[in-house]
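Below is one structure, written out as structure tokens; comments come after it.
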Amino acid sequence: MNRVQLIGRLGRDPESGQSGKGSFSTFSLATNEYWTDRGSGELVEHTEWHQLVCYDRLAEIAQEFLTKGSEVYVEGRQRTTRWTDKDGKEQRGLEIRVDEMKMLRRAPKTDPVVAAAKGMASIEHLMKDVAVGLRTDVTLADLAGMLNVVRTTLVGDDHDKEGARERTAQGVAA
């Protein structure tokens, strides 16, 4: 089984492109691990860099919502890539092809209003494509999830907790 699960922070803003198979987005992800050195007793930190690529709708979401420093959970498959460099030497590398992505925290110093405006513009464009039949792979649940990300960017997760408390209080009072 070839499955990779990572939680880390983006090392750069996603870069997008088009191929014969559709749209894609690439970005680097840093994961950290910590341990205590047995000899010195000092805390040691190691950062591992991963090259990630996602396609189609995930690529669009990455492009619109992720920025350098964003924390994400990704799940995917590891693939070996091969190419010839400018000197004619064959090179090899590893990439993670992302199948699932969850945004955990936005990047520090990101203006939430700007991030929300970008997200709303993306959702608006997507909804227009759905309305005219250009996109059939997007469900109302997908759109609701995107709107939830925009809302939590603006007001945080506490808004959900308050709404749940109000609904519970109303249910108890009835």
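Bear in mind these aren't lab numbers, they're just calculated from the coordinates by the rules spelled out. In this text the structure is predicted, and so the values were computed from the model without any measurement. FYI the Cβ positions are ideal-geometry reconstructions off the backbone, even for glycines, and counts take in every protein chain you see.
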What is the fewest-to-most order of VAL72, VAL114 by other Cβ atoms lying within 10 Å of their Cβ? VAL114, VAL72
List ASP111, ASP129, ASP13 from most exposed to least, where exposure is judged by having the fewest other Cβ atoms within 10 Å. ASP111, ASP129, ASP13
Relative to the longest principal axis of the C-alpha atoms of the chain, give the angle of the C-alpha long axis of helix 112-131, reported between 0 and 90° and rounded to the nearest 10°. 80
Can you tell me the orientation of helix 140-155 relative to the chain, as the angle in degrees between its alpha-carbon axis and the longest Cα principal axis, to the nearest 10? 90
Cα-based Debye curve of the chain sampled at q = 0.08, 0.13, 0.16 Å⁻¹ gives log₁₀ I(q)/I(0) of -0.35, -0.81, -1.07
Just from its helices, what would the mean residue ellipticity at 222 nm be for the chain, if runs of 4 or more DSSP H residues each count -39500 (n - 2.57) and the sum is divided by every residue, rounded to the nearest 500 deg cm²/dmol? -11500 deg cm²/dmol
Mind sorting MET146, MET1 by how few other Cβ atoms lie within 10 Å of their own Cβ, fewest first? MET1, MET146
DSSP loop (so not H, G, I, E, B), at most 11 other Cβ within 10 Å: list which GluC sites (Glu not before Pro) in the range 6-83 pass both filters. GLU42
Give me the dipole magnitude in Debye, nearest 20, for the range 1-110 about the Cα centre, with unit charges on the beta carbon: positive for Lys and Arg, negative for Asp and Glu. 200
With springs only between Cα atoms under 10 Å, which of GLY22, GLY133, GLY88 fluctuates most in a Gaussian network model of the chain? GLY88
What angle, in degrees between 0 and 90 and rounded to the nearest 10, separates the Cα long axis of helix 158-173 from the longest principal axis of the Cα atoms of the chain? 40
